[in-house]
Amino acid sequence: MAEKTNIVRVTNVTKVFKLGKIDVDALKGINLEISRGNYISIMGPSGSGKSTLFNMIGGLDKPTSGKVYIDEVDIAQLDAYELAWLRCRKIGYIFQTFNIIQVMTALENVTLPMIFAGMGNDAAVDKGMQLLELVGIGDRYSHKPFELSGGQQQRVAIARALANDPAIILADEPTGNLDLTTGEECIALLKRLSQERGVTVISATHDFKMLNVSDQVVWIRDGRVDKIEDREELSISIGQIGTKE
Amino acid sequence: MTQKTILSEMPNGTGRVQRQVVLPFLKSVEISFQSIKVRFFRSLITTMSLVLAVSFLSFINVSNDIANGMLATHDPDLRQSLIRSGYDIGAQDISVGSSAKQRWIVILSLLVCVVGIVNAQLMAVTERFREIGTMKCLGALDRFILRLFVLEAGMQGLAGAGIGALAGALFSLINAWLHFGTAAVRSISIANLLISIGIATGVGCLLSLLGVFYPALVAARMQPVEAMRVEH
Ligand SMILES: Nc1ncnc2c1ncn2[C@@H]1O[C@H](COP(=O)(O)OP(=O)(O)O)[C@@H](O)[C@H]1O
Ligand SMILES: [Mg+2]
């Protein structure tokens, strides 16, 4: 953390959804700089635009105006192949609904991105097993998703997100479908991985359990950045939340 | 342009060639096969109309082969029994073809079958939005998805059409045996029988591929953001 390099930079991003004749302003000019290796939480109430911002950063959707830079590359300039490559190698996605591919085993889910990246089958299987062990479900490698609990599925998803050693892990409400303890375990796992591997974790959430582990919290309200707090300032506002309740 | 040079200097991606995402052909065959196996019941329903239509086609063709075999024996009894069972054979005819009405019914049944396949495959695509979106988030290109669907349909087509063609031929042989006796069955030319079964299988495969073409395009064009959809 000697020098500050921005892995993600978002400038003046707006997003308008057209619903028939009505325009929905989901994002109203977001500016954001995210440094490499940090654990970032994007916090905000439901409907505030977290998922929309997440999709912009992940190259899953295009902003109406403004730019998103990953590693100082404007992702609007990328063609379909480069975007696929970016999704495959640079970014790992984690979803609220886990999204383990139903017809594949845990191991096959983890190896798929490596196959896409051109890795040989044996190497991919070796690495897949290592990753499954890293997230603590090495013994479940041959299980299909429906044989796994929610927490276990999310662990498979985390292992899969790490498959090609991405620079960024994007997680949209990763604990949204998990109970309290399982959610906490997944958060701890993400935090540990971010520290051990220097991965930048960006997580959209309204789960306050995330606050403890975040290096930075971006509060979003109604499509705008409300405030950005670093770890040190955070304890104060958590204190405030505590006293308010 | 400068943007692209920066990207190519990113770790792991020193050259353009290395920055391609790939899905080896054998791996796609493996994934498609597994997908059919796991969703066996679904695949069965998709293939059912194909099996029926192809077996009908095969039945008609093999029945004609049998009739021609019977005529080729120059046995007046067999000829008489053919005429009695409704074949329109003139005094000089030495072979029968399929009648216009037969052809019509076969074509109609094949058409209905294609529509059924398109319908079933479109439903399958809609059901699998999350899987397709997730694959795209993992780096799949449009053509990977297209290939997976086409391969699945090809395998389903081959299996379904093969079974249908054999069933239709068998049914036709049993039918001939019941109506005309063993002489009729023995007189059939094996080569013609095999050709009829082959044609029916081939037509079935083509129909299966034809039926999946549009649904596969829909699937391939699906956006990765679909994977994020939380509501049903
Ligand atoms: N595909 C879409 N079409 C229309 N409106 C949308 C779409 N996605 C999101 N919105 C709207 O944008 C706003 C922000 O949504 P979202 O980013 O999902 O919020 P969050 O993830 O914080 O709950 C909401 O008002 C939502 O209704
Ligand atoms: Mg959301």
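The values are calculated or read from the model by the stated rules, or taken from the named source; none is laboratory data. Values in this document were obtained by computation on a predicted structure and should not be read as measured data. Positions of Cβ are generated from backbone atoms using ideal geometry, with glycine treated the same way; all protein chains shown enter the neighbour counts. The protein model used for the area step is the full one, side chains on, heavy atoms only, and it has no ligands, DNA or RNA in it. Shrake-Rupley method; radii C 1.70, N 1.55, O 1.52, S 1.80 Å.
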Per residue, how much accessible area does the protein assembly as shown show when a 1.4 Å probe rolls over the protein heavy atoms, in square angstrom? 47
Modelled label reach - B:Phe171, point 7 Å along Cα→Cβ, the stretch B:51-85 residues with backbone N closer than 20 Å: B:51-68
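Can you work out D for the stretch A:6-237 in µm² s⁻¹ from Stokes-Einstein, where Rh is the Kirkwood radius over C-alpha pairs, the temperature is 10 °C and the viscosity is 1.306 mPa s?
On the way: Rh = 18.1 Å.
Answer from the Stokes-Einstein relation: 88 µm²/s.
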Rounded to the nearest 100 Å², what is the sum over both chains of accessible area buried where A meets B, with a probe of 1.4 Å? 3600
Could you tell me which of the pairs A:Lys50/A:Lys227; A:Lys62/A:Lys90; A:Lys15/A:Lys90; A:Lys144/B:Lys37; A:Lys28/A:Lys227; A:Lys15/A:Lys50 are separated by over 21 angstrom between their Cα atoms in the structure shown? A:Lys15/A:Lys90
Largest first, please: the extent of the C-alpha atoms of the protein assembly as shown along each principal axis, to the nearest Å. 105, 53, 49
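So, counting K/R as plus one and D/E as minus one, what does the shell of residues with Cβ under 10 Å around A:Thr205 add up to?
Working: positive: A:Lys50, A:Lys209; negative: A:Asp172, A:Glu173, A:Asp207.
Taking every other residue near A:Thr205 into account, the sum is -1.
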Given the C-alpha centroids of the stretch B:195-218 and the stretch A:174-202, what is the distance between them in whole angstrom? 47
Rough spin-label spacing in nm, given labels placed 7 Å along Cα→Cβ, for B:Ala100 and B:Asp142: 4.5
Inter-probe distance in nm under a simple model that places probes 7 Å from Cα toward Cβ, at A:Thr11 and B:Phe213: 4.7
Which number do you get for Rg(Cα) / (2.2 N^0.38 Å) in chain B? 1.42
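Provide the FRET efficiency to the nearest 0.05 for the B:Ile199-A:Gln130 pair, computing r from the beta carbons and using R0 = 60 Å.
Step by step, r from the Cβ atoms, then E = 0.70.
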On a straight-distance basis, which aspartates and glutamates could pair with B:Lys136 in a cross-link, Cα separation under 13 angstrom, same-chain partners fewer than 8 positions away excluded? A:Asp61, A:Glu82, B:Glu226
Extend 7 Å from the Cα of A:Asp122 along its Cα-to-C-beta direction; within the stretch A:144-184, residues with backbone N under 19 Å of that point are none
With a Förster distance of 35 angstrom and the Cβ-Cβ distance between B:Phe33 and A:Glu33, calculated FRET efficiency to the nearest 0.05 equals 0.15
Rg [Å, one decimal], Dmax [Å, integer] - the stretch B:129-176, C-alpha atoms: 17.9, 57
